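The block underneath contains the structure these notes are about, expressed in structure tokens.
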Amino acid sequence: MTTDPTTGPIDERKLLVTRRRFFGLAAGGAGALASTGGVLGRAALGGLFAGESARGAGLGSTTASLGANFASGTHFPAKAKRVIYMHMEGAPSHLDLFDYKPGLRQRFDEDLPESIRDGQRLTGMTSGQTRFPVAPSLFRFSRYPNRQDGAWVSEAMPHTGGVARELCFIRSMHTDAINHEPAITFFQTGTQQPGRPSFGAWCSYGLGNANENLPAFVVLISQGFGNTQALSERFWGSGFLDGIHAGCKIRSGANPVLHLKDPAGVSRIDRRRFLDLVAALNEKEAERTLDPEVATRVAQYEMAYRMQMSVPELTDFSNESEETLAMYGPEVKKPGTFAANCLLARRLAERGVRFVQLFMRGWDAHSNLPSELRLQSDAVDQPQAALIRDLKQRGLLDDTIVLWSGEFGRTVYSQGTLTEENYGRDHHPRAFTTWVAGGGFQPGIVHGATDDYGYNIVRDPVSVHDLHATLLNQLGFDHEQLGYRTEGRDMRLTDVFGRVVPELIT
């Protein structure tokens, strides 16, 4: 744990003062960044202390805003250094993409047997239906070579099928939540209740920052073509962890990061002087209140100052080869598209960003699923496959975890009217498909299975907590030990649940 459970609040405050004085003195010779002197002027050095050096110095959670993170470093040698997490917000249908059930064609419009549904709770959107007619997928499937007997992938995602040798399909995922907001919250934070740190924040806290000119945790959002759900900033928030671990959203358009650009007439020298003055004022405030969030604020100011140079270079694709751009598809030059964000994710990964979160909205197909799923799949299929290939050819896939998932699956029965050409599907938490690549996950395998209806798991179930535990394991952390004490309790991403799934990893 990062905080000694026997330490009381008074002792913690004394330690905080002592550490601040140490860093204030130690930073005295750090050149221009030390110009304000004192402790908070040295919050600017947070990036320098954010990685292994900070953890090696034995810094605890009380100095997290000075760049210190998890005190002990990783618990064991890590297979992965970073994560790219592609969340398909709205929940894509596993039955139409990755979980092939050809036998359903003979059951078209039959009532789903009660023995299969087994009293499962329903959302308010289908609870009033008098029957639950089976809706076979309209999409054809092909078996793509992998390291087993092949992976069945829908015609909607041929490029993804083409990288099946690199993918670890988990067809036996299940979750606790049945509605979007709690389900997304659960997948991002390990609990359905708001206010906990996101997975990306835990990674920032545990791994630290490997690039002082960019945040450890970056968020990219793409607008889809179907029904969209609200995106809450708490999905990438830091919760009770220090605010420096929250995700930084990079937007499309002329100003990728809000408030990063200096106002007209303000020079870089003026900005430096302004930040030095603010740091000096915050120094006095920190000495008065001992509030670590004051140091966090200064560290964020300093990060923004450095990002004024790093972000324009990051988002400029002019140095990418035409071959690379073509690999990601025709939308890659349009900022904010999923293709552009996949390429941006690769550029962030190679610059040492620990956690890149891509949200693709528009997968909530309660009606008109075939048409909406085609549009959504066309937008993501080529770019996500290109990301896998690009990381591999650059030698980054081995130590980068690429995760693809929605918050739950979709029902085998049709929501609303079922026809030969159209159907919708409701939310389904009991079973869905996720895939992972790189970072020491088994390449080219299919793990788990569902019944003939794709409704219940019949082999090797994997919960959200299990997935989180396994992901942390590959990053070098025992999920039961990576924690933070707050409100008298040791908190962790997996709460009191979760197990590492050995069959998924090398």
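The values are calculated or read from the model by the stated rules, or taken from the named source; none is laboratory data. Because the structure is a prediction, the values reported are computed rather than measured. Virtual Cβ from ideal backbone geometry, glycine too; neighbours counted across all protein chains shown.
Among the criteria (1) touching an Asp or Glu at 6+ places or on another chain (Cβ under 7 Å); (2) free of Cβ contacts under 8 Å to residues at least 12 places away in the same chain; (3) small (Gly, Ala, Ser), the one residue 137 does not fulfil is (2).
Consider residue 378 carefully, then state whether it is modelled with pLDDT of 95 or more, within 18 Å of the chain's Cα centre (by Cα), surrounded by fewer than 21 Cβ atoms within 10 Å (Cβ to Cβ) and over 29 Å from residue 114 (Cα atoms). Considered against the rule, which asks whether it is modelled with pLDDT of 95 or more, within 18 Å of the chain's Cα centre (by Cα), surrounded by fewer than 21 Cβ atoms within 10 Å (Cβ to Cβ) and over 29 Å from residue 114 (Cα atoms), residue 378 comes out as no.
So that you can scan it fast, the table gives a plain yes or no per residue for (1) in contact with a helix residue (DSSP H, G or I) (Cβ under 8 Å, 6 or more places away or on another chain); (2) small (Gly, Ala, Ser):
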position	(1), (2)
409	yes, yes
412	yes, no
419	no, no
442	yes, no
454	yes, yes
459	no, no
463	no, yes
500	yes, no
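Looking across segment 395-430 at every residue that is of a type in the set (Phe, Trp, Tyr) and assigned to a loop (DSSP other than H, G, I, E, B), the one that is nearest to the chain's Cα centre (by Cα) is identified as 408.
Looking only at segment 107-141, residues that are within 32 Å of the chain's Cα centre (by Cα) and not polar (S, T, N, Q) come to 11 in all. Criterion first (without any contact (Cβ under 8 Å) to a residue 40 or more places away in the chain, surrounded by fewer than 23 Cβ atoms within 10 Å (Cβ to Cβ) and touching a Gly at 6+ places or on another chain (Cβ under 9 Å)) does residue 466 satisfy it? Answer is yes for this residue.
Among residues of segment 420-444 that are surrounded by fewer than 24 Cβ atoms within 10 Å (Cβ to Cβ), those with a beta-carbon under 7 Å from a residue that is among the acidic types (Asp, Glu) and in a loop (DSSP other than H, G, I, E, B) at least six positions away or on a different chain give the pairs 429/176. Would you mind stating whether residue 151 is in contact (Cβ under 8 Å) with a residue 12 or more places away in the chain, more than 25 Å from residue 123 (Cα to Cα) and among the small types (Gly, Ala, Ser)? It is true that residue 151 is in contact (Cβ under 8 Å) with a residue 12 or more places away in the chain, more than 25 Å from residue 123 (Cα to Cα) and among the small types (Gly, Ala, Ser). Summed over segment 277-330, the residues that are aliphatic (A, V, I, L, M) and touching a strand residue (DSSP E or B) at 6+ places or on another chain (Cβ under 9 Å) give a count of 4. Restricting the first member to segment 293-305 and to residues that are within 18 Å of residue 270 (Cα to Cα), and the second to residues that are hydrophobic (A, V, I, L, M, F, W, C) and not in a helix (DSSP H, G or I), the beta-carbon pairs closer than 6 Å and six or more apart or on different chains are 304/260. Taken over segment 381-414, the criterion of being polar (S, T, N, Q), buried (at least 24 other Cβ atoms within 10 Å of the Cβ) and under 24 Å from residue 178 (Cβ atoms) is satisfied by 411, 414. Among residues that are in contact with a strand residue (DSSP E or B) (Cβ under 7 Å, 6 or more places away or on another chain), outside any helix (DSSP H, G or I) and more than 21 Å from residue 79 (Cβ to Cβ), residue 433 is included. Apart from one condition, residue 449 fits all of (1) out of contact with any Lys or Arg (no Cβ under 6 Å at 6 or more places or on another chain); (2) at pLDDT 95 or above; (3) surrounded by fewer than 23 Cβ atoms within 10 Å (Cβ to Cβ); the exception is (1).
Condition first: buried (at least 20 other Cβ atoms within 10 Å of the Cβ) and in a helix (DSSP H, G or I). Now tell me which residues in segment 308-340 satisfy that. Selection gives 311, 327, 328, 338, 339, 340. In segment 208-225, what residues are out of contact with any strand residue (DSSP E or B) (no Cβ under 8 Å at 6 or more places or on another chain) and buried (at least 24 other Cβ atoms within 10 Å of the Cβ)? Answer for segment 208-225, where residues must be out of contact with any strand residue (DSSP E or B) (no Cβ under 8 Å at 6 or more places or on another chain) and buried (at least 24 other Cβ atoms within 10 Å of the Cβ): 208, 209. Just one of the listed residues (104, 138, 97, 122) is at pLDDT below 95, in the same structural domain as residue 200 (by TED's automatic domain parsing) and of a type in the set (A, V, I, L, M, F, W, C), namely 122.
So which residues in segment 153-198 are of a type in the set (A, V, I, L, M, F, W, C) and surrounded by fewer than 20 Cβ atoms within 10 Å (Cβ to Cβ)? Matches in segment 153-198: 177, 178. Among the residues of segment 224-240, those that are under 17 Å from the mean Cα position of the chain (by Cα), modelled with pLDDT of 95 or more and not in a helix (DSSP H, G or I) comprise 237, 238, 239. Residues in segment 287-306 that are modelled with pLDDT under 80 and among the aliphatic types (A, V, I, L, M): 290, 295, 298, 299, 303, 304. Only one of these is farther than 28 Å from residue 116 by Cα, over 25 Å from the mean Cα position of the chain (by Cα) and in the same structural domain as residue 238 (by TED's automatic domain parsing): 205, 144. Name it. One residue alone meets the criteria, 144.
When 459, 389, 430 are screened for being basic (Lys, Arg), within 21 Å of residue 93 (Cβ to Cβ), at pLDDT 95 or above and out of contact with any Ser or Thr (no Cβ under 7 Å at 6 or more places or on another chain), only 430 passes. Looking across segment 473-491 at every residue that is on the phi < 0 side of the Ramachandran plot, out of contact with any Leu (no Cβ under 6 Å at 6 or more places or on another chain) and free of Cβ contacts under 8 Å to residues at least 40 places away in the same chain, the one that is surrounded by the most Cβ atoms within 10 Å (Cβ to Cβ) is identified as 473.
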